[in-house]
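The values are calculated or read from the model by the stated rules, or taken from the named source; none is laboratory data. For clarity, every value in this text was computed on a predicted model and none was experimentally measured. Here the Cβ is made from the backbone with ideal geometry for all residues, glycine too, and neighbour counts use every protein chain on show.
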Ligand code: ASP
């Protein structure tokens with residue numbers, strides 16, 4: 001009834017998401033840093049937290065069926081394309097190059113500006129002494145990697161082990177190609193499963209403005225402003241260097257190889273980028289990135305279905321850059337000087353650690369220990385980094401997702417002679 005009194009107003013989902021993010025910023029500042037009674041604030045924050053959790057959990061709910069059907073169908077449907085053999089090498093070459101570029105840019109910025117030098121590490125003594133890092137050697141990580149990569153697919157799915165699901169999906173996709181007509185029924189089934197999951201994604205996205213508002217409100221309200229202030233020089237260097245990679249380096253690569261205008265790219269992908277910012281999870285953002293890249297940017301769906309999920313695991317420019325920068329920050333804090341060889345080791349371990357990090361919030365903090373230990377820095381220093389990780393994770397996840405999407409455009413351009421979009 002009320003509807004008939006109101007003028008018809010249709011706000012696009014993009015605008016709603018943008019408004020949700022903006023409202024999150026306003027509510028976050030108001031609830032976290034105002035003189036409102038704290039009990040009232042807690043109740044509001046609880047409500048926002050639930051909103052955010054519902055959204056992120058719905059995305060997680062659909063993630064495994066989506067990754068599984070997307071990769072299997074992506075590989076199986078590419079069987080008729082003569083260039084399909086070039087997808088893997090192109091993707092791997094692109095990932096390694098951009099990840100290395102990111103880590104090297106991060107190290108260069110830290111060497112030039114040197115944040116952390118002169119800061120008193122004793123300020124953080126208490127949090128560092130109560131933090132118990134698990135010591136991980138490269139050998140241990142490799143053993144763990146081998147243990148988790150090949151798994152019973154049902155166990156992998158129930159444990160949300162996305163890497164093992166990807167590996168099984170690749171095997172299944174190749175088997176479908178080899179069996180060709182004999183496995184047509186299963187291929188149809190997987191294609192249908194993919195369409196079903198994307199329909200559910202469309203429903204979930206209707207909640208995105210609310211979920212994003214809830215996530216951003218909590219993110220801003222719960223920041224320890226004092227700590228952010230003490231570490232502000234480091235935070236500024238991290239934010240500006242990550243933005244440099246996301247707004248200059250990656251768009252130049254996109255334009256040089258595909259001739260797609262970066263503005264057009266950002267406009268088409270903005271829903272995915274805002275979702276990455278608010279969820280800090282590139283795998284939870286996957287359903288949204290897949291939808292934006294195929295519907296708005298018209299990238300071949302078979303390429304996108306394969307490249308994005310694999311990229312979400314292998315290609316994490318933001319994480320590699322952050323891990324390299326954080327290692328140098330810890331060295332500066334401790335007054336340690338890293339030689340050129342140590343810095344090269346930092347770049348290589350940061351790249352490896354970023355490949356090993358799952359696309360979930362603060363995953364980079366777990367693999368960070370590996371980078372610190374590789375050059376003899378104290379793993380306890382992760383305690384300092386964790387305290388300020390939530391805001392920094394937002395933009396590195398955006399760059400991770402952006403890198404995957406640009407990867408899909410680059411792969412499409414290289415494997416086909418036709419331009420992805422006109
Ligand atoms: N949150 C990041 C992602 O999901 C991973 C990390 O660097 O912590 O891509």
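How many residues does region 203-212 contain that are surrounded by fewer than 21 Cβ atoms within 10 Å (Cβ to Cβ) and in contact with a helix residue (DSSP H, G or I) (Cβ under 7 Å, 6 or more places away or on another chain)?
Looking only at region 203-212, we keep the residues that are surrounded by fewer than 21 Cβ atoms within 10 Å (Cβ to Cβ), and these are 203-204, 206-207, 210.
From what's left, in contact with a helix residue (DSSP H, G or I) (Cβ under 7 Å, 6 or more places away or on another chain): 204, 207, 210.
Going through region 203-212 one residue at a time, the tally reaches 3.
Does region 135-153 contain at least one residue that is over 30 Å from residue 371 (Cα atoms), surrounded by 14 or more Cβ atoms within 10 Å (Cβ to Cβ), modelled with pLDDT of 75 or more and touching a helix residue (DSSP H, G or I) at 6+ places or on another chain (Cβ under 7 Å)? There is at least one residue in region 135-153 that is over 30 Å from residue 371 (Cα atoms), surrounded by 14 or more Cβ atoms within 10 Å (Cβ to Cβ), modelled with pLDDT of 75 or more and touching a helix residue (DSSP H, G or I) at 6+ places or on another chain (Cβ under 7 Å). Tell me, please, whether a residue that is at pLDDT 85 or above, at positive phi, outside any helix (DSSP H, G or I) and more than 16 Å from the ligand (Cβ to nearest atom) can be found in region 335-355. No, region 335-355 contains no residue that is at pLDDT 85 or above, at positive phi, outside any helix (DSSP H, G or I) and more than 16 Å from the ligand (Cβ to nearest atom).
Select, from 187, 215, the only residue that is touching a helix residue (DSSP H, G or I) at 6+ places or on another chain (Cβ under 7 Å) and under 24 Å from residue 26 (Cα atoms). So the residue among 187, 215 that is touching a helix residue (DSSP H, G or I) at 6+ places or on another chain (Cβ under 7 Å) and under 24 Å from residue 26 (Cα atoms) is 215.
Looking across region 273-295 at every residue that is over 13 Å from residue 205 (Cβ atoms) and away from the ligand (no atom under 15 Å from the Cβ), the one that is farthest from the chain's Cα centre (by Cα) is identified as 294. Would you please name the residue that is farthest from residue 284 (Cα to Cα), looking only at residues in region 356-372 that are more than 8 Å from the ligand (Cβ to nearest atom) and at pLDDT 85 or above? Within region 356-372, the match that is farthest from residue 284 (Cα to Cα) is 372.
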